[in-house]
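K.L.:
Below: one structure in structure tokens.
The values are calculated or read from the model by the stated rules, or taken from the named source; none is laboratory data. What you see is a predicted model; the values in this text were computed from it and never measured. Glycine also receives a Cβ, built like all others from the backbone with ideal geometry; neighbour counts cover every protein chain displayed.
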Amino acid sequence: MFRTRARFAVLLTTAILCCCSLAIAKEPLVKQVILISVDGMTPIEYEQADAHGLKIPNIRALMSTGCASPGVMSVFPASTYPSHTAMITGQPPAVHGVISNTPMDPFNLEFGGWYYYAEKIKTPTLWQALHAAHLKTAAVSWPVTVGADVDYLLPEYRPVRTDEDIALMRVISTRGLFAEMQKVNATARPMSDEWRTDAVIAILRTRKPSLMALHLSELDEAQHKYGPHAPESHAELERIDAEIGKIRSSVEQSGRMKETAWVVVSDHGFLPVTKLFHPLIALREAGLITTDKNGRVTSWKVYQRNLTGSAFFEAKDPNDSASIEKATELIKELAADPANGIAHVYTPEELKTLGADPEAFLAIDPVKGFGFGSNLTGPRVTDSIGKGAHGYNPHLPELRSSLILSGAGVQRCSALEGVTVEDIGPTAAALLGASIPNAQGRDVRSLSVK
């Protein structure tokens with residue numbers, strides 16, 4: 001009897017230990033996801049780094065231990081705000097609501113404002129999905145986050161240049177956080193990439209959010225100014241790689257590297273541009289826009305959305321069929337002249353298929369080397385001041401964006417094929433054991449090629 005009881009006790013103890021082991025095994029491997037968007041980075045930079053003489057050891061280190069995409073399909077237009085919103089909603093612009101960088105503003109009442117405010121997003125976000133899973137989030141300069149449901153927030157807003165800008169950032173950030181981060185780095189320009197990086201390191205150390213989302217924008221700025229793959233642009237990417245290295249070092253020092261997943265992305269690629277065609281001049285000459293003697297818009301029937309890349313046309317009154325027909329015929333006539341640099345005219349049906357602006361009755365793509373400007377007067381075709389542009393159809397190979405997955409929860413692979421920007425948020429959520437409701441995107445780890 002004693003031996004039987006002893007055996008039973010051993011078996012019971014073993015069963016309890018096994019159950020405990022199983023419970024421990026089920027505990028999520030990933031405790032922290034660091035999502036870094038390098039605005040404008042193309043896969044060419046990391047896939048052909050040696051050919052371009054690029055020294056990006058940190059990006060390459062993440063690639064070597066994880067998975068990289070040879071090209072992510074962005075959204076239409078392939079621009080910063082529609083793309084970043086697609087990432088954190090898993091939806092295309094026609095669904096999530098941020099259909100361009102800037103709102104339609106013929107009278108310039110927004111004074112050059114962008115879609116800064118989270119209330120413009122019509123669908124559930126990554127932040128909300130993680131909150132539902134009782135996880136903390138942080139975001140530094142992520143687009144469309146003013147007022148977002150983020151625990152530790154330094155939102156992207158207008159460039160920070162003056163004391164008034166700093167005062168405003170203190171108000172729209174998580175209470176006290178901007179002022180605290182100013183002490184972390186008192187020398188760099190607030191909200192520069194260097195400043196943002198140091199803020200991320202401090203927030204990871206002191207708040208320990210499950211998700212940190214960081215947007216680095218200075219590569220994009222360099223490519224607009226100097227052009228894609230210019231020496232100055234590559235130098236900027238090398239500086240950004242060093243900032244990523246600082247974050248990696250801080251995570252290593254914190255002892256959290258084994259439980260951290262890295263998601264390095266971009267929003268769009270780039271094309272060189274030398275000429276701009278200005279459709280608004282033709283619309284004004286056709287009587288669809290009127291201006292005063294100073295060239296300011298006084299009334300409009302049809303206007304243009306999006307700049308430099310593809311252009312979308314909306315009617316003030318969607319039922320104004322006469323103006324819509326007049327503008328459609330005009331744009332088709334302009335497209336027939338090669339001097340205007342128009343490569344393609346999109347129908348509403350094509351735009352719907354591409355998940356683009358649902359209010360547009362027409363859109364146009366430029367030929368390579370051209371973009372679209374917003375002048376209301378003067379010559380229809382001008383030289384471009386900037387040497388690089390985006391906002392085009394994402395199916396162009398040069399417009400493909402980037403994705404590198406590495407770290408906890410990621411198995412090494414040779415390539416991630418068939419990825420779209422709508423997959424980024426669902427993948428980040430899945431790494432943390434959560435999901436974004438009704439997202440069209442999916443967890444891309446299933447797409448890896450071994």
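K.L.:
Scanning the range 110-162 for residues that are assigned to a loop (DSSP other than H, G, I, E, B) and of a type in the set (Asp, Glu), which turns out farthest from Ser210 (Cα to Cα)?
P.N.:
Within the range 110-162, the first condition is being assigned to a loop (DSSP other than H, G, I, E, B), and the residues that meet it are 110-116, 121-125, 133-136, 141-145, 147-151, 155-162.
So of that shortlist, the ones also of a type in the set (Asp, Glu) come out as 110, 149, 151, 156.
Details: Glu110: 35, Asp149: 14, Asp151: 11, Glu156: 20 Å.
Checked the range 110-162; the qualifying residue farthest from Ser210 (Cα to Cα) is Glu110.
K.L.:
If a residue has to be without any contact (Cβ under 8 Å) to a residue 40 or more places away in the chain and farther than 27 Å from Ser100 by Cβ to count, how many in the range 129-161 make the cut?
P.N.:
2
K.L.:
Return the only residue of Gly176, Gly227 being modelled with pLDDT of 95 or more and either under 30 Å from Ile44 (Cα atoms) or among the β-branched types (Val, Ile, Thr) (or both).
P.N.:
Working: Gly176 fails: either under 30 Å from Ile44 (Cα atoms) or among the β-branched types (Val, Ile, Thr) (or both).
Only one candidate qualifies: Gly227.
K.L.:
Write out, first by first residue and then by second, each pair whose Cβ atoms fall under 7 Å of each other, whose residues are 6+ apart or on separate chains, and whose first residue, in the range 74-103, is over 19 Å from Asp443 (Cα atoms) and outside the structural domain of Pro366 (by TED's automatic domain parsing) while the second is assigned to a helix (DSSP H, G or I) and at pLDDT below 95.
P.N.:
none
K.L.:
Please give the number of the condition Leu307 fails out of (1) modelled with pLDDT under 95; (2) of a type in the set (A, V, I, L, M, F, W, C); (3) crowded, with 23+ Cβ neighbours inside 10 Å.
P.N.:
All conditions are met except number (3).
K.L.:
Quick check, is Asp423 over 30 Å from Pro231 (Cα atoms), free of Cβ contacts under 8 Å to residues at least 40 places away in the same chain and touching an Asp or Glu at 6+ places or on another chain (Cβ under 8 Å)? If you could, list the steps in order and put the result at the bottom.
P.N.:
Values: over 30 Å from Pro231 (Cα atoms): yes; free of Cβ contacts under 8 Å to residues at least 40 places away in the same chain: no; touching an Asp or Glu at 6+ places or on another chain (Cβ under 8 Å): yes.
Taking the combined requirement at face value, the residue does not satisfy it.
K.L.:
In the list Ala282, Ala335, Ala315, which residue meets the criterion of being closer than 30 Å to Gln91 by Cβ and aliphatic (A, V, I, L, M)? Break it down into steps so the answer makes sense when it comes.
P.N.:
Numbers: Ala282 fails: closer than 30 Å to Gln91 by Cβ; Ala335 fails: closer than 30 Å to Gln91 by Cβ.
Sole residue among the options that is closer than 30 Å to Gln91 by Cβ and aliphatic (A, V, I, L, M): Ala315.
Yes/no per residue for (1) surrounded by 22 or more Cβ atoms within 10 Å (Cβ to Cβ); (2) touching a strand residue (DSSP E or B) at 6+ places or on another chain (Cβ under 6 Å); (3) assigned to a helix (DSSP H, G or I):
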site	(1), (2), (3)
Glu238	no, no, yes
Gly245	no, no, yes
Gln253	no, no, yes
Val264	yes, yes, no
Thr274	no, yes, no
Leu283	yes, yes, yes
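K.L.:
Residues that are of a type in the set (Ser, Thr, Tyr): find the helices (runs of 4 or more DSSP H) completely inside the range 316-432 holding 2 or more of those. Let's see the steps before the verdict.
P.N.:
Values: elements: 321-335, 348-353, 424-431.
Of the helices (runs of 4 or more DSSP H) lying wholly inside the range 316-432, those with at least 2 residues that are of a type in the set (Ser, Thr, Tyr) span 321-335.
K.L.:
Moving on. Of Ala339, Ala327, Ala363, which residue is surrounded by fewer than 21 Cβ atoms within 10 Å (Cβ to Cβ), of a type outside the set (Phe, Trp, Tyr) and touching a residue at least 40 places away in the same chain (Cβ under 8 Å)? Step through it out loud before you land on a result.
P.N.:
Values: Ala327 fails: surrounded by fewer than 21 Cβ atoms within 10 Å (Cβ to Cβ); Ala363 fails: surrounded by fewer than 21 Cβ atoms within 10 Å (Cβ to Cβ).
When all the criteria are applied, what remains is Ala339.
K.L.:
Provide a single number: the residues in the range 58-96 that are more than 29 Å from Pro348 (Cα to Cα), touching a helix residue (DSSP H, G or I) at 6+ places or on another chain (Cβ under 7 Å) and not hydrophobic (A, V, I, L, M, F, W, C). Quick ask: steps written out before the conclusion?
P.N.:
Here is the first cut: in the range 58-96, the residues more than 29 Å from Pro348 (Cα to Cα) are 58-70.
From the residues that got through so far, the ones that are touching a helix residue (DSSP H, G or I) at 6+ places or on another chain (Cβ under 7 Å) too are 58-60, 63, 68-70.
Still in the running and not hydrophobic (A, V, I, L, M, F, W, C): 58, 60, 69-70.
So the answer is 4.
K.L.:
Taking only the range 274-287 into account, find how many residues are in contact with a helix residue (DSSP H, G or I) (Cβ under 9 Å, 6 or more places away or on another chain) and in contact (Cβ under 8 Å) with a residue 40 or more places away in the chain.
P.N.:
Counting residues in the range 274-287 that are in contact with a helix residue (DSSP H, G or I) (Cβ under 9 Å, 6 or more places away or on another chain) and in contact (Cβ under 8 Å) with a residue 40 or more places away in the chain gives 5.
K.L.:
Report, by residue number, each residue of the range 389-436 that is over 29 Å from Ala311 (Cβ atoms) and of a type in the set (Ser, Thr, Tyr).
P.N.:
Hits for the range 389-436 are Ser406, Ser414, Thr427, Ser435.
K.L.:
If you check every pair at least six apart or on different chains, which have Cβ atoms under 8 Å apart with a residue in the range 171-199 that is in contact (Cβ under 8 Å) with a residue 12 or more places away in the chain first and a residue that is surrounded by 12 or more Cβ atoms within 10 Å (Cβ to Cβ) and among the hydroxyl-bearing types (Ser, Thr, Tyr) second?
P.N.:
Ile172/Tyr157; Thr174/Tyr152; Leu177/Tyr152; Met191/Ser141; Asp193/Ser217; Arg196/Ser141
K.L.:
Looking at the structure I just gave you, is Ala213 in a strand (DSSP E or B), closer than 17 Å to Ile59 by Cα, at pLDDT 95 or above and assigned by TED's automatic domain parsing to the domain that holds Asp50?
P.N.:
Values: in a strand (DSSP E or B): yes; closer than 17 Å to Ile59 by Cα: yes; at pLDDT 95 or above: yes; assigned by TED's automatic domain parsing to the domain that holds Asp50: yes.
In short, yes.
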